[in-house]
Amino acid sequence: MSYSFNRLRNMSLAALFAALLAIGGMISIPIQPPITLQTLVVMLAGSLLGPIWGMVSMFLFIALVAAGLPLLAGGSGGIAPLFGPTAGYIWSWPLAVLIIGFLIQKWGGIERKWVFFAANFIGGFLFVHALGLPWFVQFTNLPWEKSFLLVLLPYVPGDIGKVILSSLLAITLTKALPSKTLPINQRIKPTA
């Protein structure tokens, strides 16, 4: 494949994942608390697009939100949600994708299936909450304990489910697609 074709394909995949992230915010599982599919898409972007193109997809999504498109969960958009109480979660997504993609490439995830689970747990669960919770505490001035009970603990079961689902989907897709179809497959050199 030529360089320009690879670049065009990767740009198209990044745009596709930005669109999937928007759709993921519109899909809500009606339980308490309601669960959207946005972090599932974040994990898939890191698992399938890799660190660079996954980050591109997240920043594209954030740029569209900043431009005023109502793409976040609940139909919000504009600058305000990017600096509101849950903005730490949104800003964690590009870095979470970077971590997920890097760990999968570093640890040779295509050959070692457990790497997808570990990378998604570290980047898509631990890191997202490690940025989101302190931002929420700082923004709201609520005590850590109350914030933990509001924005972390109720979401743990759903987030663990998303780690498992995204890992299984990524493993299935990387097996099913030709080896050079996804950006994550292009530079993987498994470590011993």
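We did not get these values from a lab; they are worked out from the coordinates using the rules stated. Note that the coordinates shown come from a computational prediction; the quantities given were computed from them, not determined experimentally. Note that each Cβ is placed from the backbone with ideal geometry, even for glycine, and that neighbours are counted across all protein chains shown.
Just a few scattered comments:
- The range 59-153: C-alpha gyration tensor shape, a/c 1.5 cut-off, then a/b vs b/c: oblate
- Partners of LYS175 within straight-line reach, counting aspartates and glutamates whose Cα lies under 13 Å from its Cα and excluding those fewer than 8 residues away in the same chain: GLU111.
- Based on the Kirkwood approach, the hydrodynamic radius assigned to the chain is 16.8 Å, with every pair of different Cα atoms included.
- Mean sequence separation of contacting Cα pairs (under 8 Å, at least six apart), scaled by the length of the chain, corresponds to a relative contact order of 25 percent.
- Cα gyration tensor shape of the range 111-152, rounded if a/c is under 1.5, else prolate or oblate by comparing a/b with b/c: prolate
- Only the Cβ atoms of Lys and Arg (+1) and of Asp and Glu (-1) were treated as charged; on that basis the dipole of the chain about its Cα centre amounts to roughly 660 debye.
- Each label was represented as a point 7 Å from its Cα along the Cα-to-Cβ direction; for ILE23 and ILE160 these points are 2.9 nm apart.
- Length gained on full extension, PHE5 to ALA130: 41.3 nm, using 0.36 nm per residue less the C-alpha separation.
- Between THR172 and TRP114, the modelled label-to-label distance comes to 2.3 nm, taking each label 7 Å out from Cα in the direction of the beta carbon.
- The residue list PRO51, TRP135, LEU173 was ranked by how far each Cα lies along the charge dipole of the range 3-185 toward its positive end, using unit charges on Cβ atoms, and LEU173 comes out on top.
- Pairwise FRET efficiency - PHE148 versus ALA80, Cβ, R0 = 22 Å, nearest 0.05: 0.35
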